[in-house]
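Below is one structure, written out as structure tokens, with a few remarks after it.
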Amino acid sequence: AAVAAHAAAMRVNLLQGSMPPWHADAPHGTFANDTSLTPQETARLAAWADAGAPRGDGPDPLALNPPPPVVDWPLGPPDVIVSIPTQQIPSFNQASTIRYRYITNSSPFATNVWLRAVVVRPENRRVVHHALVFAGNQGDLSASGGGLGGFFAGYVPGVEQTFFPDGLGKQLKAGSLIVFQMHYTPTSTPQTDRTELGLYLSPTPPARELKTGAAYNLSFVIPPQSKSVPTSADKVFAKATTIYEMSPHMHFRGASMRFDAILPDHTVQTLLNVPNYDFAWQTMYRLAQPVTVPAGTTLRVSGTFDNSVWNPFNPDPARLVFFGEQTSDEMFIGYVNYAEN
């Protein structure tokens, strides 16, 4: 009965495509982590709602299959945990915005280690807008550009924490610095947070090293009251490369983002298209079949911003908007997980 009461709303959301939350415009099955329904599954559920949501035969499946307990670490307990000191987060009456905080730790290992997963776990998701973790020497940290050039691990709303694809791993070198970039947003009351990084050791070295890079644009300008403002960014692969995962990152005015591989012979292959970007669901889209591209391939990331009153998430349509750290500013970053061949 509890489910039947929501059948009409379920039908609307299914037919609109807003549930289940999946934003890639691609054939079902293109991505290994695709949560969308097939047209046949959608039609079956819509027909059930149209028929008055009749109860099926047999016992209540919800009673037989209670929801799993909420766990701190969805991949199981990490081998090693690196934590930041407890952070004091003021209320928005004390500070309307909070500058990024950078907290540095040292690698807990005396030797180089390979990892099969790295997971960022915010203690207080109410105030953690995002968290990025960088690892390496000072040169590596400078090259990361504060997340523009890539990162070691990260957390954003809607991200699914997973093990790396088979045969891949990330290396944490002895003596590395581990730097947390914490972006906090204040709430009505003071808060605390102690974000942690879970490290999952690989028993054997992987076949290849997984890298996280990005194509980004810092120079866009979004006029007030503008409906569709295009922008783009490129990343060139100097070596033959296999692409495994991609993730768009914009803020509340982000409307769409597309990833195209432009091969040296000018052939264009679309890898990912997100026509209706949602800041609350910043998915890392994992290709069901990784794509290998030759040296000299350009990854072109293109997209649009919506700064109009028709964007229900727009914090201020009257504002001229540039690249910036705060959610009221904008970003245009296309992250990619890849391995050089």
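Which residues among segment 110-143 fall inside the zone where the amide N is under 20 Å from a point 7 Å beyond the Cα of residue 166, along Cα→Cβ? The answer is 115-118, whose backbone nitrogens lie closer than 20 Å to the label point.
The stretch between residue 6 and residue 211 holds 69.4 nm of extra length on full extension. This uses 0.36 nm per residue minus the Cα-Cα distance.
Among 22, 281, what is the fewest-to-most ranking by other Cβ atoms within 10 Å? Could the numbers behind the result be given before it?
Working: 22 20, 281 15.
The order, fewest Cβ neighbours first, is 281, 22.
Taking 0.36 nm per residue of separation and subtracting the Cα-Cα distance, full extension of the segment from residue 35 to residue 225 would add 65.0 nm. In order along segment 306-319, the Karplus-derived 3J(HN,Hα) couplings, from 6.51 cos²θ - 1.76 cosθ + 1.60 at θ = phi - 60°, round to 10, 10, 9, 5, 7, 8, x, 9, 5, x, 6, x, 7, 8 Hz, and Gly and Pro are given as x. Extending 7 Å from the Cα toward the beta-carbon at both residue 15 and residue 63 defines two label points whose distance is 3.3 nm. For the pair segment 20-49 and segment 104-181, the centres of their Cα atoms are 32 angstrom apart.
To the nearest 0.05, what FRET efficiency results for residue 83 and residue 142 with a Förster distance of 22 Å applied to their C-beta separation? Could you put the intermediate results ahead of the total?
Working: r = 25 Å, r/R0 = 1.12.
My answer for the efficiency is 0.35.
Shown for segment 255-320 is the translational diffusion coefficient from the Stokes-Einstein equation, using the Kirkwood radius over Cα pairs, a temperature of 37 °C and a viscosity of 0.692 mPa s: 233 µm²/s. A simple rule links phi to the HN-Hα coupling: the Karplus curve 6.51 cos²θ - 1.76 cosθ + 1.60 with θ = phi - 60°, which for segment 74-86 gives x, 9, x, x, x, 6, 9, 10, 10, 10, 9, x, 4 Hz, with x for Gly and Pro.
Residues whose amide H falls under 5 Å from that of residue 116, counting only those 5 or more places apart or on a different chain, are 200, 201, 202, with hydrogens built in the peptide plane.
Using the number of other C-beta atoms within 10 angstrom as an exposure proxy, rank 130, 6 with the fewest first. Mind showing how you got there, number by number?
On the way: 130 21, 6 12.
Going from least to most buried by this count: 6, 130.
Calculated FRET efficiency, residue 192 to residue 73, Cβ-Cβ distance, R0 = 25 Å: about 0.80 to the nearest 0.05.
Given the chain, what percent of its DSSP beta bridges are antiparallel, to the nearest 5? Before the final figure, lay out the partial values.
Values: 77 of 80 bridges.
DSSP beta bridges in the chain are roughly 95 percent antiparallel.
Each Lys and Arg adds +1 at its Cβ and each Asp and Glu adds -1 at its Cβ; summed about the Cα centre, segment 80-208 shows a dipole of about 60 debye.
Sorting 42, 189, 195 by the number of Cβ atoms found within 10 Å of their own Cβ, with the fewest placed first, yields 189, 42, 195. In plain terms, the chain from residue 218 to residue 236 could stretch by 4.8 nm, reckoned as 0.36 nm per residue minus the Cα-Cα distance. When the Gaussian network model of the chain links Cα atoms closer than 10 Å, the mean-square fluctuations of 272, 75, 210 top out at 75. Modelled spin labels at residue 201 and residue 310, positioned 7 Å past Cα toward Cβ, are 5.6 nm from each other. Taking the helices alone, the chain has a mean residue ellipticity at 222 nm of -2500 deg cm²/dmol, built from -39,500 (n - 2.57) per DSSP H run of at least 4 residues and averaged over all its residues. Its Cα centre serving as origin, the chain has a Cβ charge dipole (Lys and Arg +1, Asp and Glu -1) of approximately 420 debye. Counting lysine pairs in the chain that sit 8 or more residues apart in sequence, or on different chains, and whose Cα atoms lie under 25 Å apart gives 7.
Local charge sum around residue 306 (other residues, Cβ-Cβ under 10 Å, Lys/Arg +1, Asp/Glu -1)?
Working: positive: 227, 253; negative: none.
Taking every Cβ under 10 Å from that of residue 306, the sum is +2.
Read-outs: derived from the displayed coordinates by stated rules, not from any lab. None of these values were measured; they are calculated from a predicted model. Neighbour counts run over all protein chains shown; Cβ positions are idealised from the backbone, glycine included.
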